[in-house]
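Right, one structure below, let's go through it.
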There are 2 protein chains.
Amino acid sequence: MMDTDQKEIIHYFKGLQDDICRQLEQADGKGRFEEDLWERPAGGGGRTRILQGRHIAKGGVNFSAVHGPMPERVSKALGVEAGDFLATGVSIVQHPANPMVPIIHMNVRYFEMSNGQWWFGGGIDLTPHYIDQQQAKYFHQALKEVCDRHDPAYYPAFKKWADDYFFLKHRDETRGVGGIFFDRLSDSEHHDKASRFAFVREVGELFAPLYTRLIEDNKDRAYTERELAWQRLRRGRYVEFNLVWDKGTKFGLDTGGRTESILMSLPPEANWVYDHQVEPGSPEAQTLSMLRKDVDWISA
Amino acid sequence: MMDTDQKEIIHYFKGLQDDICRQLEQADGKGRFEEDLWERPAGGGGRTRILQGRHIAKGGVNFSAVHGPMPERVSKALGVEAGDFLATGVSIVQHPANPMVPIIHMNVRYFEMSNGQWWFGGGIDLTPHYIDQQQAKYFHQALKEVCDRHDPAYYPAFKKWADDYFFLKHRDETRGVGGIFFDRLSDSEHHDKASRFAFVREVGELFAPLYTRLIEDNKDRAYTERELAWQRLRRGRYVEFNLVWDKGTKFGLDTGGRTESILMSLPPEANWVYDHQVEPGSPEAQTLSMLRKDVDWISA
């Protein structure tokens, strides 16, 4: 049932995974991705790649392309008609060793139904253990440039979407400094499939240069046990977001997705301290105070 | 709006919290519970108590009694009419220091609506890092004895309910060796409110002798870094259960419950290793093989 578009998109995502893994290995300088190939009994499969290196404590770069009859509960959850589906994409989370390097997440994905309905989705967001406003500005500026090349309406809309999505309601905190998030990008007045795909490709290709620079700039910054302790607490928050609020994670776990591939997003270790309080005026307090929606990081 | 029953139940739960804390402090021999009193803006509040001790790495014993108008989304979720509600209970999770001591959870609770509808709920379940069949038998035998004193149908039904409830679908694993779980115990052919309350009291009062004995019997057992590493991985599974599947946790976080009180259940630290494999025939492999529903621990 694959048409040319599907083959091209799948082929592209596989190549993107390869490119990103190569660049992350180079940035790490030591670790190598280990690959698990897996098949989905009902159709399709994936390539899960994990690196445990020098600068990247635990990094996952997943590719998958799954297809087959859509289970009823899934079609209900997505609000689409019954039929055959294809879902493919690349999904990334990197947990750095040095607490001064931020955690990053990127995802690009494509979904199609046998009735012809299709859409792209994805996003990138940054979760610094310690927020550095210059770094957040650099990050958002890069995202905005990519967005603006495709549609001036993209960045404002997708930046807001990320603020709303990467939000821990039970903590009243954003996960980090946000980024962009988008879903169900389909045919519209201004965009056809080629135009949507071109945008998604640029988002995917932005990831490696963006993050390898963040590694490069911060991997040798000094830290002590204090910063490591804070990193473990912030990783706890990352776990909370992914397991409590992240729709993709919940959807995957609830619909029989491959657990180890989905949960590669969890950090190597995380701590919880009851009612942890930060010292007023400390870098930790400053970071907490900036975990807010609707911050204009570019002009800040 | 409080009637005698409500006052009596709340008073009882407060006293239960006091008794349990005293016995846990004694078993720990070093740590003392620290208490946070909190109020719920819309009505009621609680006493959250946390101990970080010698044998108990992190233990929480919460009491709460909240009341007020029932938010619409809550009444929908519970399938009850709109109106005022009261929810009160004691909720406990203990994460031991020694990996040979099991994690334990206990909860007893009472719920009432202004239209007169009421029910009790609760349960106890045990999560050994290393399953010891004798210990599991002792644990289930004690639960069965309490159940049998009130209704011979309780233990089989509530044991099965626990197997189904404390289950990580995405891992195809039970959380531990189970225990008992029950909810919406109300008026029935064989039980009135006094009878249900008497059962719940006995469950609550079983907790301290049961767990202090498990501490006593296992706190001096030898362990190495290997057992500690396994404990951190099993604590990761505990986090997964609580954040992904536990209805009480999700309900609390989603309806504006006090986050720090709800998440006292999380361990002090947890680790995740991608696709971790146990050595065939090892104690870890044996434990994994026993994380199954419908094990008859008493006769095993």
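Answer with yes or no whether A:HIS95 is within 14 Å of chain B (Cβ to nearest Cβ) and either in contact (Cβ under 8 Å) with a residue 40 or more places away in the chain or more than 23 Å from A:ASN62 (Cα to Cα) (or both). Answer is yes for this residue. Number of residues in region B:16-55 that are in a helix (DSSP H, G or I) and open to solvent by less than 30 Å² (accessible area, probe 1.4 Å): the value is 7. Return a yes/no flag: does region B:168-183 have any residue that is acidic (Asp, Glu), open to solvent by 10 Å² or more (accessible area, probe 1.4 Å) and either touching a strand residue (DSSP E or B) at 6+ places or on another chain (Cβ under 7 Å) or within 13 Å of B:ASP246 (Cβ to Cβ) (or both). Yes.
Just one of the listed residues (A:GLU145, A:GLU112) is crowded, with 16+ Cβ neighbours inside 10 Å and of a type outside the set (S, T, N, Q), and it is A:GLU112. Counting only residues that are open to solvent by less than 50 Å² (accessible area, probe 1.4 Å) and more than 22 Å from B:LEU126 (Cβ to Cβ), region B:243-267 holds 6 of them. Just wondering, is there one or more residues in region A:234-242 that are under 30 Å from B:LYS169 (Cβ atoms), open to solvent by less than 20 Å² (accessible area, probe 1.4 Å), in contact with a Phe, Trp or Tyr (Cβ under 6 Å, 6 or more places away or on another chain) and not in a loop (DSSP other than H, G, I, E, B)? Yes, there is a match, as at least one residue in region A:234-242 is under 30 Å from B:LYS169 (Cβ atoms), open to solvent by less than 20 Å² (accessible area, probe 1.4 Å), in contact with a Phe, Trp or Tyr (Cβ under 6 Å, 6 or more places away or on another chain) and not in a loop (DSSP other than H, G, I, E, B). Considering each of B:VAL80, B:VAL61, B:VAL74, B:VAL66 in turn, give the residue that is more than 30 Å from B:ALA27 (Cα to Cα), open to solvent by less than 30 Å² (accessible area, probe 1.4 Å) and part of a strand (DSSP E or B). The match here is B:VAL66. If you go through region A:210-229 and keep only what is open to solvent by less than 50 Å² (accessible area, probe 1.4 Å) and either polar (S, T, N, Q) or away from chain B (no Cβ under 14 Å) (or both), you end up with A:LEU210, A:TYR211, A:THR212, A:LEU214, A:ILE215, A:ASN218, A:LYS219, A:GLU227. If A:GLY256 satisfies all but one of (1) at pLDDT below 95; (2) within 25 Å of B:GLU269 (Cα to Cα), what's the number of the condition it fails? Against the list (1) at pLDDT below 95; (2) within 25 Å of B:GLU269 (Cα to Cα), A:GLY256 comes up short only on (2). Confirm whether B:ASP163 is acidic (Asp, Glu) and assigned to a strand (DSSP E or B). Taking the combined requirement at face value, the residue does not satisfy it.
For (1) of a type in the set (Gly, Ala, Ser); (2) in a helix (DSSP H, G or I); (3) more than 17 Å from the chain's Cα centre (by Cα), each residue gets a yes or a no:
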site	(1), (2), (3)
B:ILE180	no, no, no
B:SER188	yes, no, yes
B:PHE199	no, yes, no
B:GLU202	no, yes, no
B:ALA208	yes, yes, no
B:LEU214	no, yes, no
B:ASP220	no, no, yes
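Restricting B:ARG40, B:ARG47 to residues that are without any contact (Cβ under 8 Å) to a residue 60 or more places away in the chain and of a type in the set (Lys, Arg) narrows the list to B:ARG47. Every residue in region B:266-280 that is among the charged types (D, E, K, R) and in contact with an Asp or Glu (Cβ under 7 Å, 6 or more places away or on another chain), please. Within region B:266-280, B:GLU269, B:ASP275 qualify.
Quick one: is A:GLN286 open to solvent by 20 Å² or more (accessible area, probe 1.4 Å) and either under 26 Å from A:GLY59 (Cβ atoms) or touching a residue at least 40 places away in the same chain (Cβ under 8 Å) (or both)? Yes: the conditions hold for A:GLN286.
Of the residues examined, B:LYS159 is one that is surrounded by 19 or more Cβ atoms within 10 Å (Cβ to Cβ) and under 23 Å from B:VAL101 (Cβ atoms).
A count restricted to region A:114-138 and to residues that are touching a Gly at 6+ places or on another chain (Cβ under 7 Å) and either at pLDDT below 95 or on the phi < 0 side of the Ramachandran plot (or both) stands at 7.
If you check every pair at least six apart or on different chains, which have Cβ atoms under 6 Å apart with a residue in region A:151-175 that is at positive phi and without any contact (Cβ under 8 Å) to a residue 60 or more places away in the chain first and a residue that is among the aliphatic types (A, V, I, L, M) and not in a loop (DSSP other than H, G, I, E, B) second? Pairs found: none.
The number of residues in region B:194-209 that are open to solvent by 40 Å² or more (accessible area, probe 1.4 Å) and over 30 Å from B:HIS55 (Cβ atoms) comes to 1.
The values are calculated or read from the model by the stated rules, or taken from the named source; none is laboratory data. No experiment lies behind these values; they were computed from the predicted model shown. Cβ sites come from the backbone with ideal geometry, for glycine too, and all protein chains shown count toward neighbours. Please note that ligands, DNA and RNA were not included when accessible areas were found on the heavy atoms of the full protein model with its side chains. Shrake-Rupley method; radii C 1.70, N 1.55, O 1.52, S 1.80 Å.
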